[in-house]
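Okay, so here's the structure we're looking at.
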Amino acid sequence: MIYTKILLPVGGADKHGRAEKALAHTLPLAQGEIIILHVIAPLSKVVGGEAHAELLRSATADALTYLAPVTAMLEKEGRQSRVRVVEGTPADTIIKVAHEEECDLIVMFTDGRDELQDMILGSITERVLRETDIPLLAVRR
């Protein structure tokens, strides 16, 4: 099946090229736009005004640097893409953005449960899968 708009959330430290692996699975499925999403953890509400805006600008710049290999891969392939950097909680933000963008597929990398928090709350991928009505492709290691 070919999809016209795919959301590819990319986050965390990607020391093993997981984003590129997930993108490799995404490319054959994409007929249209691929939206790369990076979710910034909510910034402290104690910091407001211009200080909050500056923290958000800095986090966004860091995210764009982090996403550079993925966007370069898309450019090399000549694929239509866009990057969104959004502040929020990961699972909820992924679902919200997927609906806002009217995506017909979400592609996420998963490497299973490996932290105590994952064992208690479930992974982000699992939470998105449970809470969304949009098809989700989970790419495993």
Taking the range 24-56 and the residues there that are of a type outside the set (A, V, I, L, M) and not in a helix (DSSP H, G or I), the one that is farthest from Ile6 (Cα to Cα) would be Gly48
Mind checking which residues of the range 5-61 are of a type in the set (Lys, Arg), farther than 16 Å from Lys96 by Cβ and in contact (Cβ under 8 Å) with a residue 40 or more places away in the chain? Arg18, Lys21
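From Ile124, Ile106, which residue is buried (at least 16 other Cβ atoms within 10 Å of the Cβ), out of contact with any Gly (no Cβ under 7 Å at 6 or more places or on another chain) and at pLDDT 95 or above? Even if it seems obvious, please write down each step before you answer.
Working: Ile124 fails: at pLDDT 95 or above.
Of the residues listed, the single one that is buried (at least 16 other Cβ atoms within 10 Å of the Cβ), out of contact with any Gly (no Cβ under 7 Å at 6 or more places or on another chain) and at pLDDT 95 or above is Ile106.
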Every residue in the range 33-55 that is surrounded by 15 or more Cβ atoms within 10 Å (Cβ to Cβ) and at pLDDT 85 or above, please. Glu33, Ile34, Ile35, Ile36, Leu37, His38, Val39, Ile40, Leu55
Collect the residues in the range 71-100 that are within 11 Å of the chain's Cα centre (by Cα) and assigned to a helix (DSSP H, G or I), keeping them in residue-number order. Pro90, Ala91, Thr93, Ile94, Ile95, Val97, Ala98
Positions within the range 41-70 being farther than 18 Å from Phe109 by Cβ, among the β-branched types (Val, Ile, Thr) and under 14 Å from the mean Cα position of the chain (by Cα), in sequence order: Thr60
Among the residues of the range 74-97, is there at least one that is touching a residue at least 60 places away in the same chain (Cβ under 8 Å), exposed (fewer than 15 other Cβ atoms within 10 Å of the Cβ) and under 20 Å from Thr132 (Cβ atoms)? no
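The values are calculated or read from the model by the stated rules, or taken from the named source; none is laboratory data. Every value quoted in this text rests on a predicted model; they were computed, and no experiment measured them. Neighbour counts are summed over all protein chains in view; Cβ atoms, including those assigned to glycine, are modelled from backbone coordinates with ideal geometry.
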